[in-house]
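**Q** Structure below; questions to follow.
The values are calculated or read from the model by the stated rules, or taken from the named source; none is laboratory data. Just so we're clear, the structure is a prediction, and the values are computed from it rather than from any experiment. Cβ placement follows ideal geometry from the backbone for every residue including glycine, while neighbour counts extend to all protein chains displayed. Remember, those area values only see protein heavy atoms, side chains included, never the ligands or the DNA or RNA. Shrake-Rupley method; radii C 1.70, N 1.55, O 1.52, S 1.80 Å.
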2 protein chains.
Amino acid sequence: MRDFLPEAVNKRKYVIEVIERVYKLHGFVPLETPSMENLSVLLGKYGEEGDQLIYRLLHRGEKLTRALDEGTFTEDDLAELGMRYDLTVPLARVVAQYRNDLPRYFKRYQIQPVWRADRPAKGRFREFFQCDADITGTESLMAEADVLNAVTSILNKLGFNNCQIDLNHRGLLRGMILAAGIEPKLEGTTLTALDKLDKIGEEGVLDEMQEKEISKESAQKLLSLVAVTGEASNDEIFAHLRSDLREGVGAAALADLKTLLHLCSESPAGGMLKLTPRLARGLSYYTGPIFEITSTDFKGSLGGGGRYDNLIGMFGKQQIPAVGFSIGLERILLLMDDLGLYPDVETRAKVLVCALKDTPLEGVISLAGQLRERGIAVEIYPDQHKLGRQIGYADELKIPFVIIVGEEEIRNQRYGLKELVSGEQEALDVDGLIEKLS
Amino acid sequence: MRDFLPEAVNKRKYVIEVIERVYKLHGFVPLETPSMENLSVLLGKYGEEGDQLIYRLLHRGEKLTRALDEGTFTEDDLAELGMRYDLTVPLARVVAQYRNDLPRYFKRYQIQPVWRADRPAKGRFREFFQCDADITGTESLMAEADVLNAVTSILNKLGFNNCQIDLNHRGLLRGMILAAGIEPKLEGTTLTALDKLDKIGEEGVLDEMQEKEISKESAQKLLSLVAVTGEASNDEIFAHLRSDLREGVGAAALADLKTLLHLCSESPAGGMLKLTPRLARGLSYYTGPIFEITSTDFKGSLGGGGRYDNLIGMFGKQQIPAVGFSIGLERILLLMDDLGLYPDVETRAKVLVCALKDTPLEGVISLAGQLRERGIAVEIYPDQHKLGRQIGYADELKIPFVIIVGEEEIRNQRYGLKELVSGEQEALDVDGLIEKLS
């Protein structure tokens, strides 16, 4: 976990503002959920490994005493609250809980921190921000298209040129698993192995699948189905898969993907989408199309998402379909830094007010107030140091102007304005200062 | 802890933006610190009661196993991280830790959630936001004046008319305690009792002080010193106190307060400040002037702060003076709601795009994209429902316009724009839509 000093906060704010603006333009509205959830909400949604990474809050007071007094107990007896692990599960809980207060389609965005007790690495932190947009209440692929266009617009507005959105479908994965002759009950195991393809290579995945009692032949067949060179077009990939997936869940998924690509064909997302049969996505709750942003400038994904039609039903009586996308803020920031994509952002005061010795300070404060009322960011030097030291402070902070105020200036209501870069100085009244500094 | 649905988030965002804008105008720059701190950073800073209210994170994996295996253990063996309890202690840690990277005066604002395992009540939550502004590095009362003017400007810009800022000084409290003949070592106990004056009244405070071995005479003397009617002017209060505080720490504090009031005399904070000798403030780290916002419209404080010259030194070798103010977001929001101070904020899409049956949907998505590129917030109705149902959805969400798109509209590139309130409808091309909706 990290401290963010002012320059870092301003960079984060810039990116968050772009993301938020685009989400709003796409009709998403904001939601915020508590940092802590009941463990019963969190557990069993992220897979076994995910459950292990949830931060738990120690019972307090009597509850703790009672737990400790019982003598034998487990982790579960010591905590009932956990820290938010992603933004999708809280959304699902909210949609089930407030069903009657929410519109038919809940298009929500949410930009909040999540916590994972993971081993930190480049771009992976224990506290990090996710920037999610989801649409609940429809099975229409229009929702996928809408989410994908929002994400594409964000990547474009931030200045990324080398991104693509990998596209796959849980149904296509299931179809390929069946076509490879792997038993349906081994689907989860197979996806876990496949998810490591980029990390451990074909040989590694073959070994892992065989360890999990999948025949070498089936494993090889699956790998040949997902094996696609980077240059293959979406149409070529469709052709490669079609002969093995002529019916059933796999064929239906191929049709979905074809429709989705067509829906995006006249908008920016169209050019970003790349069929990627090997894409598995770790989380267990996806049911339909799945996505992941990759960039040739960055190893790993910048965000991802997909359709999850069965998650909301876990929190209520009604099954409500949903699709969404999550952008990982810290990785976007890392890549923005690497590529130098930040615009110059003004972060400091525009002017420092410096008082000479014996100046009536209430007048100095009043002057600063008048400028601030007109939208000019003003810092007041608080101590009675020599003028050179005061100006040195403005220089150090890259504050571009100083106003020099003495007893006479207060009396005459004309103040010395000095531009530090040029060294130019002029005497101005308050209106003159406002005009010059605005 | 609460979920914030879109309307509530937008209200929060409005207030946060006002606060942030004012802080920036006063030359403050943003800082963000992690949600979790080492318990060693947090403990011993907030008083005994505060320590009890800190949320602690349960050890995980091996550390937990090891702790459990040892058989006998306390709370401290089960956790080493705690949740942020306020924003002042993290600031103090940061200033000590990054001393060489920060300017001479670190004027930082910070708007982040904090957590307290407290009993919830009206305006008191377990997760809540604080909006802090602090100046480190100077003992000058100019810093107090700057912080107080920022807070005053925030209250004014939010539309509060019935607020005042209660002003006191830890040195004045000490001086009054000495003047009342109370032993210096009972200062903490005395302040704890005095802090309850508004809650339990004079009799209650007298009883509590006598229980703590303060003589009735001393207790009565102290209460007579702090007893000030609401109508007394600051000058009258100075006069009331002066005879008992002619020298030492109390007299110095009176001089400080007089200087501070004079510094603010020509700026908005001047009219807000009210000398309040009974104001004690719970937190133990204050050393100089202390403040609290009160309102005749609200029971309890909306925020507070003060000078704490010894806190940063607890985290490093160097003692660095500091002063700051913390605004409690949730109480401000409650009061804004009670007083109806929110402006109308546009929260939803401006227009809903409705597709008729057999419309080429890729064209619908493309049309929405063109409008969004021009800054118009557009929602697309995702399902192929009857037009009446689609328009009903726009009505329900108070989306003011719908665009009706059919096969012919796509072919002719002229679309039906309907304003829902008036029922007026016209056929426009994309440029016409943009002009009308911008």
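**Q** Within the bounds of the range B:320-332, is there any residue that is within 22 Å of B:Lys199 (Cα to Cα) and in a loop (DSSP other than H, G, I, E, B)?
**A** no
**Q** B:Val205 - would you say it is surrounded by 14 or more Cβ atoms within 10 Å (Cβ to Cβ) and either of a type in the set (Asp, Glu) or more than 25 Å from B:Thr138 (Cβ to Cβ) (or both)? Can you show your working first?
**A** Numbers: surrounded by 14 or more Cβ atoms within 10 Å (Cβ to Cβ): yes; either of a type in the set (Asp, Glu) or more than 25 Å from B:Thr138 (Cβ to Cβ) (or both): yes.
Yes, satisfied.
**Q** Which count do you get for residues in the range B:104-123 that are open to solvent by less than 20 Å² (accessible area, probe 1.4 Å), part of a loop (DSSP other than H, G, I, E, B) and within 9 Å of another protein chain (Cβ to nearest Cβ)?
**A** Counting residues in the range B:104-123 that are open to solvent by less than 20 Å² (accessible area, probe 1.4 Å), part of a loop (DSSP other than H, G, I, E, B) and within 9 Å of another protein chain (Cβ to nearest Cβ) gives 2.
**Q** So, A:Arg60, is that one of a type in the set (Lys, Arg) and either away from chain B (no Cβ under 13 Å) or under 23 Å from the mean Cα position of the chain (by Cα) (or both) or not?
**A** No.
**Q** Consider the range A:132-160. How many of its residues are outside any helix (DSSP H, G or I), touching a residue at least 12 places away in the same chain (Cβ under 8 Å) and within 14 Å of another protein chain (Cβ to nearest Cβ)? So that I can check it myself, show each step before the final result.
**A** Quick first cut of the range A:132-160, residues outside any helix (DSSP H, G or I) only: A:132-140, A:159-160.
Those left that are additionally touching a residue at least 12 places away in the same chain (Cβ under 8 Å): A:132-139, A:159-160.
Next cut, within 14 Å of another protein chain (Cβ to nearest Cβ) only: A:132-139.
The qualifying residues number 8.
**Q** For the range B:409-438, give me each residue that is open to solvent by 80 Å² or more (accessible area, probe 1.4 Å), in contact with a strand residue (DSSP E or B) (Cβ under 9 Å, 6 or more places away or on another chain) and assigned to a helix (DSSP H, G or I).
**A** Passing the criteria: B:Asn412, B:Glu435, B:Lys436.
**Q** Right, something else. Out of the residues in the range A:253-271 that are within 13 Å of another protein chain (Cβ to nearest Cβ) and touching a strand residue (DSSP E or B) at 6+ places or on another chain (Cβ under 8 Å), which is nearest to A:Gly303 (Cα to Cα)?
**A** Step one: list which residues in the range A:253-271 are within 13 Å of another protein chain (Cβ to nearest Cβ), which gives A:258-271.
Checking which are touching a strand residue (DSSP E or B) at 6+ places or on another chain (Cβ under 8 Å) leaves us with A:260-261, A:264, A:269.
On the way: A:Leu260: 19, A:Leu261: 19, A:Cys264: 19, A:Ala269: 15 Å.
The residue in question is A:Ala269.
**Q** Sticking with this one: Output the residue which, of all residues in the range B:273-282 that are closer than 17 Å to B:Gly324 by Cα and crowded, with 20+ Cβ neighbours inside 10 Å, is nearest to the other protein chains (Cβ to nearest Cβ). Full working, then the answer.
**A** Here is the first cut: in the range B:273-282, the residues closer than 17 Å to B:Gly324 by Cα are B:273, B:279-282.
Cutting the leftovers down to crowded, with 20+ Cβ neighbours inside 10 Å gives us B:273, B:279-281.
Working: B:Leu273: 13, B:Leu279: 23, B:Ala280: 26, B:Arg281: 22 Å.
Restricting to residues being closer than 17 Å to B:Gly324 by Cα and crowded, with 20+ Cβ neighbours inside 10 Å, the top hit is B:Leu273.
**Q** If B:Val323 satisfies every condition in (1) in contact with a helix residue (DSSP H, G or I) (Cβ under 9 Å, 6 or more places away or on another chain); (2) assigned by TED's automatic domain parsing to the domain that holds B:Gly181; (3) under 24 Å from B:Glu187 (Cβ atoms) but one, which is the exception?
**A** For B:Val323, the failing item is (2).
**Q** Now, a different point. State all residues of the range B:179-195 that are under 13 Å from B:Lys212 (Cβ atoms) and either at pLDDT 90 or above or open to solvent by less than 60 Å² (accessible area, probe 1.4 Å) (or both); if no residue qualifies, say none.
**A** Passing the criteria: B:Ile182, B:Glu183, B:Lys185, B:Leu186, B:Glu187, B:Gly188, B:Thr189, B:Thr190, B:Leu191, B:Ala193, B:Leu194.
**Q** Here's a follow-up. Kindly indicate whether A:Pro382 is of a type outside the set (A, V, I, L, M), surrounded by 14 or more Cβ atoms within 10 Å (Cβ to Cβ) and in contact with a Lys or Arg (Cβ under 7 Å, 6 or more places away or on another chain). Lay out the reasoning, then the answer.
**A** Details: of a type outside the set (A, V, I, L, M): yes; surrounded by 14 or more Cβ atoms within 10 Å (Cβ to Cβ): yes; in contact with a Lys or Arg (Cβ under 7 Å, 6 or more places away or on another chain): no.
Considered against the rule, which asks whether it is of a type outside the set (A, V, I, L, M), surrounded by 14 or more Cβ atoms within 10 Å (Cβ to Cβ) and in contact with a Lys or Arg (Cβ under 7 Å, 6 or more places away or on another chain), A:Pro382 comes out as no.
**Q** Please tell me if B:Glu373 is surrounded by 19 or more Cβ atoms within 10 Å (Cβ to Cβ) and within 43 Å of the chain's Cα centre (by Cα). Give the steps one after another, and end with the answer.
**A** On the way: surrounded by 19 or more Cβ atoms within 10 Å (Cβ to Cβ): no; within 43 Å of the chain's Cα centre (by Cα): yes.
Answer is no for this residue.
**Q** Could you please tell me which pairs satisfy a Cβ distance under 9 Å, a separation of 6+ or placement on different chains, a first residue in the range B:238-261 that is on the phi > 0 side of the Ramachandran plot, and a second residue that is open to solvent by 60 Å² or more (accessible area, probe 1.4 Å) and assigned to a helix (DSSP H, G or I)?
**A** B:Gly248/B:Arg174; B:Gly248/B:Leu178
**Q** Go through the range B:345-359 and report how many residues are surrounded by 24 or more Cβ atoms within 10 Å (Cβ to Cβ) and assigned to a loop (DSSP other than H, G, I, E, B).
**A** 1
Yes or no, residue by residue, for (1) at pLDDT below 95; (2) under 21 Å from B:Asp101 (Cα atoms); (3) in contact with a Ser or Thr (Cβ under 7 Å, 6 or more places away or on another chain):
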{"site": "A:Glu346", "(1), (2), (3)": "yes, yes, no"}
{"site": "A:Val351", "(1), (2), (3)": "no, no, no"}
{"site": "A:Cys354", "(1), (2), (3)": "no, no, no"}
{"site": "A:Val364", "(1), (2), (3)": "no, no, no"}
{"site": "A:Ala368", "(1), (2), (3)": "no, no, no"}
{"site": "A:Gln390", "(1), (2), (3)": "no, yes, no"}
{"site": "A:Tyr393", "(1), (2), (3)": "no, yes, no"}
{"site": "A:Gly406", "(1), (2), (3)": "no, no, yes"}
{"site": "A:Lys418", "(1), (2), (3)": "no, no, no"}
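**Q** Where the second residue is part of a helix (DSSP H, G or I) and the first is without any contact (Cβ under 8 Å) to a residue 60 or more places away in the chain and lies in the range B:1-28, which pairs have Cβ atoms under 6 Å and are six or more apart or on separate chains?
**A** From residues that are without any contact (Cβ under 8 Å) to a residue 60 or more places away in the chain, the pairs are B:Asp3/A:Val94.
**Q** Answer yes or no as to whether A:Glu362 is part of a helix (DSSP H, G or I), out of contact with any strand residue (DSSP E or B) (no Cβ under 9 Å at 6 or more places or on another chain) and either of a type in the set (Ser, Thr, Tyr) or within 14 Å of chain B (Cβ to nearest Cβ) (or both). I'd like the intermediate steps shown before the answer.
**A** On the way: part of a helix (DSSP H, G or I): yes; out of contact with any strand residue (DSSP E or B) (no Cβ under 9 Å at 6 or more places or on another chain): yes; either of a type in the set (Ser, Thr, Tyr) or within 14 Å of chain B (Cβ to nearest Cβ) (or both): yes.
Answer is yes for this residue.
**Q** Return the residue satisfying two criteria in turn: it lies in the range A:26-50 and is in a helix (DSSP H, G or I) and surrounded by fewer than 23 Cβ atoms within 10 Å (Cβ to Cβ), and of such residues it is nearest to the chain's Cα centre (by Cα). So that I can check it myself, show each step before the final result.
**A** Step one: filter the range A:26-50 for residues in a helix (DSSP H, G or I), giving A:39-42, A:47-50.
Add one more test, that the residue is surrounded by fewer than 23 Cβ atoms within 10 Å (Cβ to Cβ), and what stays is A:39-41, A:47-50.
Working: A:Leu39: 23, A:Ser40: 25, A:Val41: 22, A:Gly47: 21, A:Glu48: 23, A:Glu49: 21, A:Gly50: 18 Å.
Only one residue fits best here, namely A:Gly50.
**Q** Within the range B:1-41, which residues are in contact with a Ser or Thr (Cβ under 9 Å, 6 or more places away or on another chain), more than 7 Å from every other protein chain (Cβ to nearest Cβ) and of a type in the set (Asp, Glu)?
**A** Scanning the range B:1-41 gives a single hit, B:Glu7.
**Q** Looking at (1) under 30 Å from B:Gln370 (Cβ atoms); (2) under 23 Å from the mean Cα position of the chain (by Cα), can you tell me which one A:Phe238 breaks?
**A** Answer for A:Phe238: the failing condition is (2).
**Q** Failed condition for A:Lys398, given (1) among the charged types (D, E, K, R); (2) more than 10 Å from chain B (Cβ to nearest Cβ); (3) touching a Phe, Trp or Tyr at 6+ places or on another chain (Cβ under 9 Å), with all others met?
**A** So A:Lys398 meets the others, but not (3).
**Q** Can you confirm whether the range A:214-223 contains a residue that is more than 15 Å from A:Ile182 (Cα to Cα) and open to solvent by 60 Å² or more (accessible area, probe 1.4 Å)?
**A** The answer is no, given that none of the residues of the range A:214-223 is more than 15 Å from A:Ile182 (Cα to Cα) and open to solvent by 60 Å² or more (accessible area, probe 1.4 Å).
**Q** Going by the conditions given, is B:Gly406 more than 13 Å from every other protein chain (Cβ to nearest Cβ) and surrounded by fewer than 15 Cβ atoms within 10 Å (Cβ to Cβ)?
**A** On the way: more than 13 Å from every other protein chain (Cβ to nearest Cβ): yes; surrounded by fewer than 15 Cβ atoms within 10 Å (Cβ to Cβ): no.
In short, no.
**Q** Let me ask another. Looking for something crowded, with 21+ Cβ neighbours inside 10 Å and within 18 Å of A:Leu173 (Cα to Cα) - is there at least one such residue anywhere in the range A:324-338?
**A** no
**Q** Let me ask you something else. So for the range A:353-372 (the condition being among the acidic types (Asp, Glu) and without any contact (Cβ under 8 Å) to a residue 12 or more places away in the chain), does at least one residue qualify? Lay out the reasoning, then the answer.
**A** First, pick out the residues of the range A:353-372 that are among the acidic types (Asp, Glu): A:358, A:362.
Remaining after also requiring without any contact (Cβ under 8 Å) to a residue 12 or more places away in the chain: A:362.
Yes, the range A:353-372 contains a residue that is among the acidic types (Asp, Glu) and without any contact (Cβ under 8 Å) to a residue 12 or more places away in the chain.
**Q** OK, next. Residues to consider are A:Ala79, A:Ala117, A:Ala96; find the one that is in contact with a strand residue (DSSP E or B) (Cβ under 9 Å, 6 or more places away or on another chain) and within 29 Å of A:Ile16 (Cβ to Cβ). Break it down stepwise before answering.
**A** Working: A:Ala79 fails: within 29 Å of A:Ile16 (Cβ to Cβ); A:Ala96 fails: in contact with a strand residue (DSSP E or B) (Cβ under 9 Å, 6 or more places away or on another chain).
Checking each option against the conditions leaves just A:Ala117.
**Q** Hey, another quick one. Before we move on, is B:Asp337 modelled with pLDDT under 95 and out of contact with any Lys or Arg (no Cβ under 9 Å at 6 or more places or on another chain)?
**A** Working: modelled with pLDDT under 95: yes; out of contact with any Lys or Arg (no Cβ under 9 Å at 6 or more places or on another chain): no.
No.
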